[in-house]
Amino acid sequence: MVIKADMASNYLLEGLGQDQKSWLLSCFTKKSFKAGEQVFRENDKGDELFFVESGRVIVKRWITEGNVDKILLTAERGDVFGEMAFVDYGLRTATAYAEVDSLIRCLSRNTFNSFCEKYPNAGAKALDNLLRILTLRLRATTESYVDAIQYNVQVSGTESLGFQHLITSSMTVEVLLTSGASIYGTVVTVEKSEAGFQIILRQPKGGLVMTPYHAIACIYFDADKK
């Protein structure tokens, strides 16, 4: 079996001896996927780990509340994916599909467990590498989630409302401040400064007012109809 160089040098195998690398890599099976073809679906059993030898795979999850597909990961040549369910023995939490024609190497959990039994120290190292990959991706997801929260505030009548909608719709809003005061106007933009995020409102008489995110208690929209 010919193993591509980028597989042999993959982060998953970092710290393993040459014999251990060769043994584990020889156990990867090869699967071809046409563009648009699913590699796995959300709620499938997660008993395989995947490695992109060529092509590109998109991992996404359907967000019911927003009625949108959220891309969680774009895996390209040399990338591992499908590690979460592989590690915790759970079901897939997202769907993966080939964005272009792709060649994927697959490793079953049973094979990986056999590797760990044969090479306990190398198995522990490979698992540690997997956990590091998982942790890095969870960290990136957390940072993305925090950014999303910072761009949104609690809005009367809904759980949250993206500022982009307010900007493009030129909707009149009432911003209730933590001090108890209120500001009326339309949202011009949301800017990020060293102090954090701030909303810029255009008031009815044409003046602009900047309000820092941390000073906002609530936003009421369609304020002119109140």
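Every number in this text was worked out from the coordinates using simple rules, so none of it is lab data. Just so it is clear, the structure is predicted and the values come from calculations on it, not from any experiment. Virtual Cβ from ideal backbone geometry, glycine too; neighbours counted across all protein chains shown.
Calculate, in nm to one decimal, what Ser54 and Leu103 gain on full extension: separation in residues at 0.36 nm each, minus their alpha carbon distance.
Values: separation 49, 0.36 × 49 = 17.64 nm, distance 0.51 nm.
In short, 17.1 nm is gained.
In nm, to one decimal, how far is the Leu127 label point from the Ser182 one, both placed 7 Å along Cα→Cβ?
Reported label-point gap for Leu127 and Ser182 is 5.9 nm.
Classify the stretch 39-103: rounded, prolate or oblate, from the alpha-carbon gyration tensor (a ≥ b ≥ c, eigenvalue square roots; a/c under 1.5 rounded; otherwise prolate if a/b is larger than b/c)?
oblate
Under a plain spin-label model, where a point goes 7 Å from the Cα along Cα-to-Cβ, how far apart in nm are Tyr89 and Leu134?
1.2 nm
Could you calculate the contour length gain from Gln38 to Glu117, that is, 0.36 nm times the residue separation minus the distance between their Cα atoms, to one decimal place in nm? Kindly include the intermediate steps, with their values, before the conclusion.
On the way: separation 79, 0.36 × 79 = 28.44 nm, distance 3.18 nm.
Once the chain is fully extended between Gln38 and Glu117, it gains 25.3 nm.
Starting from the 7 Å offset along Cα-to-Cβ, what nm value, one decimal, do you get for the label separation of Gln18 and Lys70?
With each label point 7 Å from Cα toward Cβ, the separation is 4.6 nm.
Please give the contour-minus-distance gain from Met210 to Ile63: 0.36 nm per residue of separation, less the Cα-Cα distance, rounded to one decimal in nm.
Working: separation 147, 0.36 × 147 = 52.92 nm, distance 3.23 nm.
Full extension from Met210 to Ile63 adds 49.7 nm.
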